[in-house]
Each structure stands twice: as C-alpha cells, then as structure tokens.
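The values are calculated or read from the model by the stated rules, or taken from the named source; none is laboratory data. No experiment lies behind these values; they were computed from the predicted model shown. Please note: Cβ atoms are built from the backbone with ideal geometry, for glycine as well, and neighbour counts cover all protein chains shown. These area figures cover heavy atoms from the full protein model, side chains too; ligands, DNA and RNA do not enter into them. Shrake-Rupley method; radii C 1.70, N 1.55, O 1.52, S 1.80 Å.
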Amino acid sequence: MENGAVYNETTEPEAGVPRRRPFGCTLQHLWGWRLPVKLVQAILSFVAVVCEEIVDDCSYCSGLYFFEFISCSAFLLSLLILCVYCTDMYESLGKEKVQKL
C-alpha cells in the first residue's frame with residue numbers, strides 16, 4: 001500500500017527550534033534616531049549623578065539635593081525605558097501597557 005503521496009501533501013515540514021536572541025535584546029522598537037538619543041540621555045544623566053556626588057561642601061544644599069533627586073530619577077527612568085524597548089519585555093507587556101507606563 002502506498003500512502004506516502006497522501007502524507008507528503010498534507011503533512012507540515014518539521015519546524016526548527018526558534019533562535020533566541022542573547023538576553024532577549026532587540027532594536028526593532030527603538031530604531032533610527034531614538035536609540036542614540038536615549039543612550040545619550042542615559043549617559044548624560046549618569047554624568048550628572050557623578051558630578052553631584054563630587055561636591056563636598058555646599059552652603060545651601062537644598063538645590064543640590066533637588067538636583068540629585070532629578071538626575072538620579074532621570075538616569076533610572078532612562079535605563080527603564082531602554083530595558084523595556086530593547087528587550088522582550090515590550091512584547092510581554094504589550095504596546096498599550098508600555099504607552100501607559
């Protein structure tokens with residue numbers, strides 16, 4: 001009995017194992033000019049945090065503490081944005097939740 005012809009037409013070819021990207025990194029959601037801008041933002045906010053920590057003495061420290069809070073928050077939020085857009089978290093969270101975030 002020759003059933004090979006029937007099975008060849010209806011059977012799907014064996015699918016290969018999908019390749020995983022290292023650490024789930026992808027740049028498809030942060031492309032063009034947006035990636036360099038976010039990288040520069042993260043670097044500059046980190047430089048601001050480091051420069052603030054260099055200050056030893058200050059007369060009126062409230063402005064320095066406010067600058068520390070703002071620069072540290074900017075650094076952490078820019079890292080969060082880079083992590084979400086450049087990893088698989090974007091797909092797992094969904095576009096709507098990322099925009100709300």
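What pairs come out if I take residues in the range 23-44 that are at pLDDT 75 or above and pair them with residues that are in a helix (DSSP H, G or I) and open to solvent by 40 Å² or more (accessible area, probe 1.4 Å) whose C-beta lies under 8 Å away, six or more apart or interchain? What qualifies is LYS38/ILE81; LYS38/TYR85; ALA42/PHE75; ALA42/LEU79.
Within the range 51-100, being among the hydrophobic types (A, V, I, L, M, F, W, C) and more than 21 Å from PRO36 (Cα to Cα) holds for CYS51, ILE54, VAL55, CYS58, CYS61, LEU64, PHE66, PHE67, PHE69, ILE70, LEU93.
In the range 46-65, the residues that are within 27 Å of LEU80 (Cα to Cα) form Cβ pairs under 7 Å with partners that are surrounded by fewer than 12 Cβ atoms within 10 Å (Cβ to Cβ) and of a type outside the set (Gly, Ala, Ser), at six or more places apart or across chains, as follows: LEU64/VAL55; LEU64/CYS58. For the range 47-78, which positions are over 22 Å from LEU101 (Cα atoms), part of a helix (DSSP H, G or I) and either open to solvent by 80 Å² or more (accessible area, probe 1.4 Å) or among the hydrophobic types (A, V, I, L, M, F, W, C) (or both)? Of everything in the range 47-78, those that are over 22 Å from LEU101 (Cα atoms), part of a helix (DSSP H, G or I) and either open to solvent by 80 Å² or more (accessible area, probe 1.4 Å) or among the hydrophobic types (A, V, I, L, M, F, W, C) (or both) turn out to be VAL47, ALA48, VAL49, VAL50, CYS51, GLU53, ILE54, SER62, LEU64, TYR65, PHE66, PHE67. For the range 79-100, filtered to residues that are under 18 Å from GLN41 (Cα atoms) and touching a Leu at 6+ places or on another chain (Cβ under 8 Å), the residue that is most open to solvent (accessible area, probe 1.4 Å) is TYR85.
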